[in-house]
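Working notes, structure below.
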Amino acid sequence: MTDVLDLFPQYAEELKLLRKTAREYAQRNFSPELAREYEKKEEFPWDLYKKAGELGLLAPSIPTDYGGGGFTTYIADIVVTEELVRAEPTLGLAIMAGPFTSHMLYFFGTEEQRKKYLPPVYRGENTFFGAYTEPEHGTDITQLNTVAEKKGDKYIIRGMKTFITNAPTAKYGLLLAQTEPEKRHRGQTLFIIHTDWPGITIRRLTGKMGQRTIPVGEIYLDNVEVPAENVLGGEEKGLNQGFYWTLAYFNVSRIGVATLGLGIALAAFDKALEYAQKRNQFGQPLINFEMIQEKLARMAMLIEAARSLIYRAAYYVDDYLKFKIDPRAMGAIAGAAKVYGTEVANYVVDEAIQIHGGYGYFEEFDVERYWRDHRVTRIYEGTNEINLLTISDALRRGVWKP
Ligand SMILES: Cc1cc2nc3c(=O)[nH]c(=O)nc-3n(C[C@H](O)[C@H](O)[C@H](O)COP(=O)(O)OP(=O)(O)OC[C@H]3O[C@@H](n4cnc5c(N)ncnc54)[C@H](O)[C@@H]3O)c2cc1C
């Protein structure tokens with residue numbers, strides 16, 4: 001057997017059933033025609049998102065108390081992400097982006113916050129956002145311009161966030177602000193923000209290269225009153241923890257982004273293999289030519305290597321969440337998975353286009369759309385450059401090495 005799930009015998013059976021559910025859901029609901037239609041309209045596929053929620057596909061590794069699938073391993077999330085994105089990248093990416101960042105609320109929120117905010121997201125009724133980036137602070141979020149000032153039992157927040165996934169559609173999400181600006185990253189706090197509160201304006205950003213079914217926007221905050229109870233984790237625990245919790249969460253979410261790359265690479269590989277078998281030149285199928293064979297072999301090899309790294313990193317998350325793995329070591333492993341998974345996607349999708357020749361350049365053959373959809377995976381959730389810096393930092397400190 002060469003099934004990656006057999007590497008985890010304690011979970012293999014239940015994860016294979018979960019994969020079957022995800023696969024059947026995708027077969028019933030996804031098609032390239034539908035993906036093109038949603039992409040043209042730049043619309044989030046709400047109906048598909050709701051159906052995925054009904055099947056427990058939006059948060060398999062979150063306990064059922066909060067609306068999740070109740071799997072005891074983070075690998076469950078990876079299985080579903082790989083499956084849905086491979087089946088149809090544009091639609092799979094949108095569905096997996098719907099609950100984006102909600103794991104952070106699960107990791108650090110109070111019991112009350114988890115029970116109030118998570119179930120509607122995992123039922124597929126709401127999406128979620130995590131707002132860190134600002135126009136002047138992208139990679140470097142150690143000092144933010146968005147400020148939260150305490151007044152009585154409220155915080156007054158002023159500032160602006162940009163490039164925020166789901167901001168135009170979500171009813172609520174998390175936002176990182178300076179509570180003590182002079183302390184820089186040591187004085188940042190995460191707040192649960194509702195988008196319909198007075199003083200909040202959302203502006204949708206259009207004209208994205210790809211991932212057009214995923215709405216992205218700017219959030220303007222003009223003296224927005226936020227109850228102190230909306231400090232993530234509660235005021236006592238959560239005040240000035242925002243920066244650290246964000247990085248701790250990235251150690252997990254970056255493996256998710258790596259899996260987006262893996263799923264897109266697999267989708268492109270599937271198309272390229274099929275095309276190479278069908279398309280004839282010089283009186284024979286392309287796959288008979290050694291240069292095409294070499295391309296397909298290399299693509300398959302890189303995909304398998306990325307998959308091994310990603311699943312291994314996901315397996316470590318279970319121990320990381322029990323504080324058994326050093327956060328910097330986890331950051332290095334997650335960073336390696338993120339950089340490698342997304343670079344493999346870049347290579348594989350590009351070669352898939354090459355194998356399609358001129359047809360690969362047109363939307364009808366889908367690999368063109370996959371290329372546009374995959375490109376941002378090397379930019380968000382920490383650019384690949386910053387992920388490499390995270391790896392080198394762990395090496396330098398001697399907390400991790402290969
Ligand atoms: C489609 C999309 C969705 C997004 N969703 C979200 C979201 O939901 N929430 C959110 O908060 N943000 C989101 N982002 C923002 C994203 O995380 C940032 O774009 C990213 O962190 C980079 O920041 P920047 O764009 O300001 O680039 P910059 O920080 O200006 O970086 C520009 C270039 O310089 C490099 N660079 C910067 N510093 C260093 C350094 N020290 N060493 C070497 N190279 C360096 C970077 O790697 C990059 O190549 C999204 C972005 C996009 C495009």
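A short reminder: the numbers here are calculations on the coordinates, not readings from a lab. Because the structure is predicted, anything quoted here is derived from the model rather than measured. Don't worry about glycine lacking a Cβ; one is built from the backbone with ideal geometry, like all the others, and counts go over all protein chains shown.
Structure summary
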read-out	value
Three-way shape label, the range 130-238, alpha-carbon gyration tensor, a/c 1.5	prolate
Farthest toward positive dipole pole in the range 130-238 [+1 Lys/Arg, -1 Asp/Glu at C-beta], among 167, 157, 147	167
Within the range 224-249: backbone nitrogen closer than 13 Å to the residue 197 label point (7 Å, Cα to C-beta)	224-232
Options 292, 244, 356, ranked by Cα towards positive dipole end of the range 242-397, top entry (Cβ charges)	244
Estimated FRET transfer efficiency (residue 158, residue 273; beta-carbon r; R0 56 Å; 0.05)	0.55
Which of 85, 216, 257 has the fewest Cβ neighbours within 10 Å, and the rest in rising order	216, 257, 85
Only Lys, Arg (+1) and Asp, Glu (-1) charged, at Cβ; the range 272-379 dipole about Cα centre in debye	380
Whole-Å distance, taken between Cα centres, linking the range 343-387 and the range 1-56	21
5 angstrom amide H check on residue 205, placed H, neighbours 5+ away	216, 217, 218
Cα-centre dipole for the chain with unit charges at Cβ (Lys and Arg positive, Asp and Glu negative), debye to 20	360
Exposed-site-free run, longest, the chain (rule: chymotrypsin sites (Phe, Trp or Tyr not before Pro); DSSP loop; at most 13 other C-beta within 10 Å)	1-281
Kyte-Doolittle at least -1.0, axis length at least 24 Å by Cα - qualifying DSSP helices, the chain	242-278, 290-320, 327-356
Residue 140/residue 13 FRET efficiency (R0 56 Å; Cβ-Cβ; nearest 0.05)	0.80
Under the Debye formula (equal points on every Cα, no solvent term), log10 I(q)/I(0) of the chain at q = 0.07, 0.11, 0.12 Å⁻¹	-0.32, -0.79, -0.93
For 322, 51, order by how many other beta-carbon atoms lie within 10 Å, fewest first	322, 51
Residue 28/residue 184 FRET efficiency (R0 60 Å; Cβ-Cβ; nearest 0.05)	0.75
Whether the range 4-122 is rounded, prolate or oblate, judged on the alpha carbon gyration tensor where a/c under 1.5 counts as rounded	oblate
Nearest-20 debye value, the range 4-122 charge dipole, Cβ charges on Lys, Arg, Asp, Glu	100
For the chain, calculated [θ]222 nm from helices alone, where every DSSP H run of n ≥ 4 adds -39500 (n - 2.57)	-16500 deg cm²/dmol
Using θ = phi - 60° and Karplus 6.51 cos²θ - 1.76 cosθ + 1.60, couplings along the range 167-184 (whole Hz; Gly, Pro as x)	3, x, 10, 6, 7, 7, x, 10, 9, 9, 9, 7, 8, 9, x, 5, 8, 6
Gain upon complete extension [residue 379, residue 401; 0.36 nm per residue less C-alpha separation]	5.5 nm
Of 343, 88, 14, the one that fluctuates the most in a GNM where the chain has Cα springs shorter than 10 Å	14
